[in-house]
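The values are calculated or read from the model by the stated rules, or taken from the named source; none is laboratory data. All of these numbers come straight from a predicted model, not from anything done at the bench. Ideal geometry is used to build each Cβ from the backbone, glycine not excepted, and the neighbour counts take in all protein chains shown. Surface areas here come from the heavy atoms of the whole protein model, side chains and all, with no ligands, DNA or RNA. Shrake-Rupley method; radii C 1.70, N 1.55, O 1.52, S 1.80 Å.
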Amino acid sequence: MSELSLRHWHLRRDGQGIAWATIDVADSAANTLGSEVLREFAQVLDVLEAEPPKGMVIQSGKAAGFIAGADLDEYSKIGDVAGIKVIVARNWALFNRLEAVTWPTLALIRGHCMGGGLELSLACVYRIAIDEPATRMALPEVMLGITPGWGGMLRLPRTIGPAAALDMMLTGKQIDARRARRMGLVDECVPPRVMENAARMLVLSGQPRRRLSRMQAWLNGPLKFIVASGAHRQVAKKARRENYPAPFAIIDTWQHFNGNSLGVPPAHPASLEHIFAQGTARNLVRVFFLQQRLKALGKGTEFAARHVHVIGAGVMGGDIAAWCALRGLTVTLQDQSIERIAPAIQRAAQGFSKKYRGDRKQVRFALDRLIADPQGNGVTQADVIIEAIFENLDAKHALFRDLEARARPDAILATNTSSLRLEDIGSVLARPERLVGIHFFNPVAQMPLVEVVEGERTDANVLSRAVAFVRQLDKLPLPVKSAPGFLVNAVLGPYLLEAMRCIDEGHSPETIDATMVRFGMPMGPIELADTVGLDIALATGKALTGASEAPRALQALVTEGKLGRKTGTGFYVWEDGHARKEGLSDSVPGLTERLLKPLVAATRKCVAAGIVSDADLADAGVIFGTGFAPWTGGPMNHFASSEESSHNSEHSSKDRITA
Ligand code: NAI
């Protein structure tokens with residue numbers, strides 16, 4: 001019988017005197033820890049303190065999982081650091097209170113257990129994880145530019161040792177149930193059918209709380225500096241403190257302030273004051289919500305493809321086909337001959353084997369779904385047909401004429417073209433409204449964004465089905481209008497060309513690349529051009545800006561057949577897939593601003609021309625399509641806030657865009 005029924009929690013005592021506290025947040029598919037939910041949890045503890053149970057099990061009433069973390073909607077509305085500190089102080093105290101109760105406590109973790117959810121479970125004496133693929137544990141705060149301030153920085157190192165804890169907190173990586181058991185994050189890992197019994201037995205067992213080994217306890221005590229300096233070195237390789245203060249703050253807060261962010265003096269760079277004044281946290285939360293917005297685009301359309309036919313088994317078509325098969329679709333892959341399809345299937349087999357970590361059965365199932373189809377028999381059956389042949393209008397015309405005659409009337413006809421106009425490709429179709437662009441990026445498996453291109457004639461229903469299809473592939477769809485370069489290449493092109501013009505002026509590739517990596521790009525523009533292929537960079541540049549503006553160094557390399565990574569030489573010499581970088585890179589004042597200026601201008605132009613529907617979607621596209629420094633919240637956001645700050649302050653950061 002229910003002893004206490006609140007809006008988000010139910011409390012029930014069983015015959016053995018165990019209190020079962022079930023979190024089931026009202027009006028939400030997943031449990032998040034907002035103020036009201038945690039206030040109610042304090043009420044649960046009040047009731048139990050009045051009449052202590054023999055044990056307490058905290059579990060979820062949701063099929064989706066245990067607890068997804070803090071309520072980010074609520075969090076994003078807090079305007080100042082004082083508001084943040086109130087929440088941190090309240091939850092820090094609440095979880096300390098949970099840890100100090102006089103009865104044994106246990107978190108029964110089934111499905112996701114993230115952020116504040118894991119911090120809550122760490123305040124319990126015991127944790128049991130249910131052995132299912134959906135069970136995942138993480139402290140992903142760092143990815144939002146914040147720190148696990150509700151006790152995670154104190155308790156995770158105490159539970160699994162500081163090196164493993166910092167690894168989890170600094171990367172946000174997810175741990176599955178079995179791994180969690182092995183590393184001591186949970187006490188037991190059990191199948192669902194026995195979970196309640198296992199919880200009952202463990203919570204009443206009297207077994208002492210897990211303790212660290214003596215060595216680990218030393219590393220979490222007097223020898224903290226050893227682990228901290230190693231972690232500092234690792235983080236500094238990947239991020240700069242001025243752009244990403246949170247990972248550094250996690251290490252410092254653990255090392256010097258016993259994991260308590262409230263104990264960090266406001267002037268210290270690890271303080272909440274510092275983290276929130278800097279802006280990255282706000283921007284990364286913005287990026288998270290932009291991602292949610294893209295994910296939501298596919299909702300409301302009842303379309304699920306079962307069979308995809310891909311034509312062109314080259315770099316793109318081969319990888320698109322493999323990705324579709326990995327996502328459970330039946331795929332027929334067509335090219336001019338079986339010899340041209342074979343390498344794509346071989347590449348797919350390697351990818352599947354890596355993905356499934358050698359699980360041969362899974363690899364075989366995925367390969368069974370990927371069917372070589374040199375005759376193109378799949379055309380008549382497919383729900384979606386994706387063309388990825390040579391970038392040649394005549395070839396595409398011949399193909400689409402044939403496709404329209406043979407495809408099912410309701411099948412989506414899609415092209416992966418980068419530079420041809422959709423209107424030109426569709427001109428040979430009797431029903432050009434069926435044609436849509438589904439523009440993947442290279443490498444397909446790694447790039448999260450896919451542009452869904454609306455031509456002048458594209459039917460709205462076809463467009464929304466294409467968006468739903470991209471979601472089905474677990475990619476982020478970005479609707480764009482048909483225009484040269486769509487969004488992503490239109491933005492990248494002028495940036496790469498400017499970088500190559502800097503080479504014409506005598507800057508080294510190393511200097512240019514290091515400058516932009518320092519700003520937060522995943523790869524410098526020159527290395528990126530070499531990776532894409534200099535012939536493609538030249539052709540795209542010409543298509544976007546006209547031939548006269550092509551940089552001299554680029555022209556010369558293409559003429560010599562030095563096309564970058566694929567030929568072994570370009571701006572860099574390539575060895576084993578890596579650019580050989582020589583010499584030290586100088587820091588050139590004003591170079592960051594100079595390189596960003598054309599990128600920002602191009603993004604603004606796309607927004608003004610309606611190629612993307614608003615500035616937020618443009619930021620999302622540039623971040624997820626190019627890896628543009630996420631700490632900025634995107635070029636439109638960064639540009640707007642830089643303008644604001646250069647108005648408000650005479651000391652604008654050197655990395656800010658000032659033009
Ligand atoms: P690719 O040259 O690697 O592959 C093209 C494949 O199409 C070849 O295997 C060729 O045999 C096959 N093919 C040509 N005509 C055919 C026909 N009539 N029937 C059947 N197969 C035919 O080209 P890639 O790079 O994969 O590009 C394909 C398309 O994807 C192009 O439209 C390109 O603009 C676009 N794209 C390319 C990107 C890249 O980074 N390479 C990125 C995004 C889009």
**Request:** Can you give me the P(r) profile for the chain? Cα pairs, bins 10 angstrom wide beginning at 0, each as a whole percent.
**Result:** 3, 14, 21, 23, 20, 13, 5, 1, 0
**Packing rank of 359-368, 271-280, where each peptide gets the mean count of other beta carbons within 10 Å, highest leading** = 271-280, 359-368
**Asked** Just the accessible area per residue of the chain, please: how many Å² with a 1.4 Å probe?
**Response** 44 Å²
**Asked** Is there a pair in Lys173/Lys354; Lys396/Lys542; Lys224/Lys581 whose C-alpha atoms are over 26 Å apart, and which pairs would that be?
**Response** Lys224/Lys581
**Message:** At a threshold of 8 angstrom on Cα-Cα distance, excluding pairs fewer than six apart, so keeping six or more, what relative contact order does the range 321-416 reach in percent?
**Reply:** 30 percent
**Complete:** Spelling it out for Leu4: with amide H atoms placed in the peptide plane at 1.01 Å from N, the residues 5 or more places away or on another chain with amide H under 5 Å from its amide H are Leu11
**Request:** Could you work out how far the C-alpha centroid of the range 545-583 sits from that of the range 236-290, in angstrom?
**Result:** 39 Å
**Asked** Out of the DSSP beta bridges found with both residues in the range 9-210, what percent are antiparallel (nearest 5)?
**Response** 25 percent
**Item:** For the range 79-91, Karplus couplings with θ = phi - 60° (6.51, -1.76, 1.60), whole Hz, Gly/Pro x
**Value:** x, 9, 5, 4, x, 4, 5, 4, 5, 4, 5, 5, 6
**Asked** What percentage of the solvent-accessible surface of the range 9-210, computed with a 1.4 Å probe over protein heavy atoms, is contributed by carbon and sulfur atoms?
**Response** 52 percent
**Request:** For the chain, find the longest principal axis of its Cα atoms and tell me its angle to the long axis of helix 360-369, 0 to 90°, nearest 10.
**Result:** 40 degrees
**Message:** Taking the 0 to 90 degree range and rounding to the nearest ten, how far is the long axis of helix 393-406 tilted relative to the main principal axis of the chain, both from C-alpha atoms?
**Reply:** 70 degrees
**Fill in**
To the nearest 20 debye, the range 9-210 has a Cα-centred charge dipole, built from +1 on Lys and Arg Cβ and -1 on Asp and Glu Cβ, of 680 debye
**Request:** Find how much the distance from Leu223 to Lys361 grows on full extension, using 0.36 nm per residue of separation minus their present alpha carbon separation; answer in nm with one decimal.
**Result:** 45.1 nm
**Message:** Once neighbouring chains are kept in place and the probe is 1.4 Å, which whole percent of the accessible area of the range 455-541 is contributed by carbon and sulfur?
**Reply:** 55 percent
**Reciprocal of mean inverse Cα separation for the range 209-252 (Kirkwood radius, Å)** = 11.6 Å
**Request:** Any chance you could run the full-extension gain for Asn258 through Ala296? It's 0.36 nm times the residue separation minus the Cα-Cα distance, nm to one decimal.
**Result:** 9.7 nm
**Request:** Measure nothing fancy, just the Cα-based angle from helix 280-296's long axis to the longest principal axis of the chain, in degrees from 0 to 90, nearest 10.
**Result:** 70 degrees
**Request:** Would you pull out the residues with amide H under 5 Å of Val450's amide H, same chain only if 5 or more places away, H placed 1.01 Å from N?
**Result:** Leu476, Leu478
**Asked** What is the packing order of peptides 120-128, 495-503, 7-15, taking the mean over residues of other C-beta atoms within 10 Å and listing the highest first?
**Response** 120-128, 495-503, 7-15
**Request:** Before rounding to the nearest 500, sum -39500 (n - 2.57) across all DSSP H runs of length at least 4 in the chain and divide by the residue total; then give [θ] at 222 nm in deg cm²/dmol.
**Result:** -14500 deg cm²/dmol
**Item:** Share, in percent, of DSSP beta bridges within the chain that are antiparallel, nearest 5
**Value:** 25 percent
